[in-house]
Amino acid sequence: MKTIYLDNNATTQVLPSVAEAMLPYFTQKYGNASSMYPMAAEAHHAMEDARAKVAALIGAAYPDEIIFTSCATESDNTAIFSAVRSFPQKKHIITSKVEHPAVMHPYKFLESQGYKVDYIGVDAQGRFDMAQYKAALDANTALVSVMWANSETGTVFPIAEIAALAKQHGALFHTDAVQVIGKMPINVQEAQIDMLSLSGHKFHAPKGVGALYVKRGTRFTEFMMGGHQEKGRRGGTENIPYIVGLGVAAELAQKRVTDGSLERMAALRDKLQNGLLSSIADTKLNGDPENRVPNTVNISFGYVEGEAILMHLNEYGICASSGSACTSGSLEPSHVLRAMGVDFKFAHGSVRFSLSEFTTEEEVDKVLEVMPVIIENLRKISPFSRMK
Amino acid sequence: MWDYTDKVMEHFRHPRNVGAIENADATGQVGSLVCGDALKLTLKINKETEVIEDAKFETFGCASAIASSSVLTEMIKGKTLTEAAKITNQDIADELGSLPAEKMHCSVMGMEALEAAIESYRQGGKPVVFEQESENIVCHCFNVSEEAIIKAIRTNHLTTVEDVTYFTKAGGACGRCKGEIQKILDKVNSCAVPQPTSAEEKPFADLTIVEKIKRIEKVLEEDVRPQLNMDGGNVELIDVSGTVVKVRLLGMCSGCLAADATLKGFIEKTLKEKLDPSITIERA
């Protein structure tokens, strides 16, 4: 059975060209970038080449604004703890209610250390509450950290506007941009961003490599303390093969943003969305239909449970995700959907399909063919569907 | 990805005895839309021998919830009520090969629905919604009582807070009750007789949203829906805010000219009587 992979917000396939570019750096060009011989210089140059490509992808002014990390969780932790350590007199942080655990958990920790954290809410379509945000900002705000796009619903926040307000109040601005890389054009300078986290495996680089953009002139305190690598900003021997992979993937992602791939992806996503909403009763689109990354659609199917839907999709080789409590280690449905006020009837039955540029129309058609049957069968055995 | 046994997947793909028995001799229910899983079990029972002649289920939930319900109906058919009452959640899990630790609460749900169904038969067939035996609620997110936690610890020889969460869901959401669960574990496992902690009756308005919904659903299911169903109607709980309960009338009720009378004169009156006089009903 052929796999139909529609879970690209979870992770992506490493592209063969990316894997191929990495290989020589394992067995042949394995030098430590800090050492003093030609093989080390080779590694060093490959790393700097990758740095320039990642900088270009996000519109950074200088390559040295990019710090390589092990993943976006490390980037997020680094940015948050750098902000609070660099401005120890400020004890206030602003974020949103729908962030990834990689920023939520550091905030919970900081709250236990006496910080005040404001979690800005979202409306029913997942849109950022700008009024609440404006009211929360003050001179004591050390950091505003808001994700660029939501991983579950794909909703894109107005980051330039949010960042500009943070700057006016003298706060640092950080964004977790994991879900927008390669899905829309972004420019850190235009958006006045101080720090930005990204993750390689969300855009066809391997797992285990990420980056943190830190704008020149931003006060910074390192998180991983160690050697002088990354200009003293991140200790630890540089992971050259993975950094090379990240560079190649960044170059490809940048091309994709302008070559029509996004429009094609959005058209397929819309076909999937409209097909599911029109062929199945009691469904609900989760997220902002206007401002959304082009690859993501999140739909709730009332009266059924998400994990059961995924298990049936597995029978057809279709890979997707759910915000259902049963698919996570926790027993609560998605905090994102609950923050949007999605009621329980719909919260447990949400399914997220996230496409890639390799998704085909046949794959979308297959989902459209099998989903109505799956939902009908599950509703047949649900005690709630008879209510209708 | 959960490690489901072949038997779990087989029952999930091809559930046995799906549906509801007409004029059932017993109806047991547990769970709700809020919790993410719910099971309704209906039984046909021979009045002479008390043998369960037929069993059907309807389940809202994940693969292991569906499989647990399905296998339970097979296990109890042909058994007397006395024999069936001895089935534990571990028996259900064993029958399925095993369940992932995090999913053991699905088997507990089966056992609770069966308990409720047996109670229903004793009450002459009136539907019974499984209820924690005491008001002594430890986990307010999932409405789990101290008794239920003690029972799970004893039946399944649990030793950690994590285990208790897997079996009862208690502590699985906000986690505030984890300290209390640890104390219960310490008490039970050191064989001390558990002392019930403060068991005051909270006013309806002070309950958490989940507790409110559970209590309202129980009244709707036991006292309201049977009446509406007779006229081909139904009611769906939409939201609760303070003591304002928002519902939608369904089926024949939705277009009925007497809809307002049904809402105020029947549903609101019943909720006021059973739960709190300050409850008001709004139509969604």
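The values are calculated or read from the model by the stated rules, or taken from the named source; none is laboratory data. What you are looking at is a predicted structure, and each value in this text was computed from that prediction instead of being measured. Quick reminder, even Gly has a Cβ in these numbers, built from the backbone with ideal geometry, and neighbours come from all protein chains shown. Only protein heavy atoms, including side chains, enter the accessible area calculation; ligands, DNA and RNA are left aside. Shrake-Rupley method; radii C 1.70, N 1.55, O 1.52, S 1.80 Å.
The set of residues in segment B:261-278 being under 25 Å from B:A205 (Cβ atoms) and either touching a Phe, Trp or Tyr at 6+ places or on another chain (Cβ under 7 Å) or without any contact (Cβ under 8 Å) to a residue 12 or more places away in the chain (or both) consists of B:G265, B:K269, B:K272, B:E273, B:L275, B:D276, B:P277.
State whether the residues of segment A:163-182 include one that is surrounded by 24 or more Cβ atoms within 10 Å (Cβ to Cβ), of a type outside the set (D, E, K, R), in a loop (DSSP other than H, G, I, E, B) and out of contact with any strand residue (DSSP E or B) (no Cβ under 9 Å at 6 or more places or on another chain). Checking segment A:163-182: at least one residue is surrounded by 24 or more Cβ atoms within 10 Å (Cβ to Cβ), of a type outside the set (D, E, K, R), in a loop (DSSP other than H, G, I, E, B) and out of contact with any strand residue (DSSP E or B) (no Cβ under 9 Å at 6 or more places or on another chain).
(1) at positive phi; (2) at the interface with chain A (Cβ under 7 Å from one of its Cβ atoms): which one isn't true of B:E50, the others all being true? Going through (1) at positive phi; (2) at the interface with chain A (Cβ under 7 Å from one of its Cβ atoms) one by one, B:E50 breaks only (2).
If only residues of segment B:53-89 that are touching a Lys or Arg at 6+ places or on another chain (Cβ under 7 Å), within 14 Å of another protein chain (Cβ to nearest Cβ) and in a helix (DSSP H, G or I) are counted, the one that is surrounded by the fewest Cβ atoms within 10 Å (Cβ to Cβ) is B:T73.
Residue by residue, here is whether (1) more than 30 Å from B:M230 (Cβ to Cβ); (2) without any contact (Cβ under 8 Å) to a residue 60 or more places away in the chain holds:
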site: B:A20; (1), (2): no, yes
site: B:N23; (1), (2): no, yes
site: B:E53; (1), (2): no, yes
site: B:F57; (1), (2): no, yes
site: B:C62; (1), (2): yes, yes
site: B:Q90; (1), (2): yes, no
site: B:P100; (1), (2): yes, no
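Selection of segment B:130-145 for residues being in contact with a helix residue (DSSP H, G or I) (Cβ under 6 Å, 6 or more places away or on another chain) and outside any loop (DSSP other than H, G, I, E, B) yields B:V138, B:V144.
Among the residues of segment A:227-260, those identified as farther than 15 Å from A:E74 by Cα and among the small types (G, A, S) are A:G227, A:G232, A:G245, A:G247, A:A249, A:A250, A:A253, A:G260. Being modelled with pLDDT of 95 or more and closer than 22 Å to A:D129 by Cα: is that true of A:T360 here? In short, no.
Screening segment A:270-385 for strands (runs of 3 or more DSSP E) wholly inside it with 1 or more residues that are open to solvent by 30 Å² or more (accessible area, probe 1.4 Å) and either within 11 Å of chain B (Cβ to nearest Cβ) or in contact with a strand residue (DSSP E or B) (Cβ under 6 Å, 6 or more places away or on another chain) (or both) returns the ranges A:283-286. Within segment B:154-172, the residues that satisfy the criterion of being aliphatic (A, V, I, L, M) and either closer than 23 Å to B:G36 by Cα or within 14 Å of chain A (Cβ to nearest Cβ) (or both) are B:V161, B:V164, B:A170.
Taking segment A:3-55 as the range and being among the small types (G, A, S) and in a helix (DSSP H, G or I) as the test, the residues that pass are A:S17, A:A19, A:A21, A:A40, A:A41, A:A43, A:A46, A:A50, A:A52, A:A55.
As for segment B:243-252, it holds at least one residue that is surrounded by 15 or more Cβ atoms within 10 Å (Cβ to Cβ) and away from chain A (no Cβ under 14 Å).
Considering only segment B:1-47, state which residues are at the interface with chain A (Cβ under 8 Å from one of its Cβ atoms), assigned to a helix (DSSP H, G or I) and under 15 Å from B:C106 (Cα atoms). Within segment B:1-47, B:M9, B:F12 meet the criteria.
Checking each residue in segment B:173-212 for being under 30 Å from B:K274 (Cα atoms) and at pLDDT below 75 picks out B:Q195, B:P196, B:T197, B:S198, B:A199, B:E200, B:E201, B:K202. Note on segment A:232-272: residues that are in contact with a helix residue (DSSP H, G or I) (Cβ under 6 Å, 6 or more places away or on another chain) and β-branched (V, I, T) total 4.
Just to be sure before I move on: is B:F142 out of contact with any strand residue (DSSP E or B) (no Cβ under 7 Å at 6 or more places or on another chain), within 21 Å of B:V210 (Cβ to Cβ) and either assigned by TED's automatic domain parsing to the domain that holds B:A55 or crowded, with 21+ Cβ neighbours inside 10 Å (or both) in the structure I sent? Against the criterion (out of contact with any strand residue (DSSP E or B) (no Cβ under 7 Å at 6 or more places or on another chain), within 21 Å of B:V210 (Cβ to Cβ) and either assigned by TED's automatic domain parsing to the domain that holds B:A55 or crowded, with 21+ Cβ neighbours inside 10 Å (or both)), B:F142 qualifies. Would you pick out the residues in segment B:130-188 that are among the basic types (K, R) and over 15 Å from the mean Cα position of the chain (by Cα)? Hits for segment B:130-188 are B:K151, B:R154, B:R176, B:K178, B:K183, B:K187.
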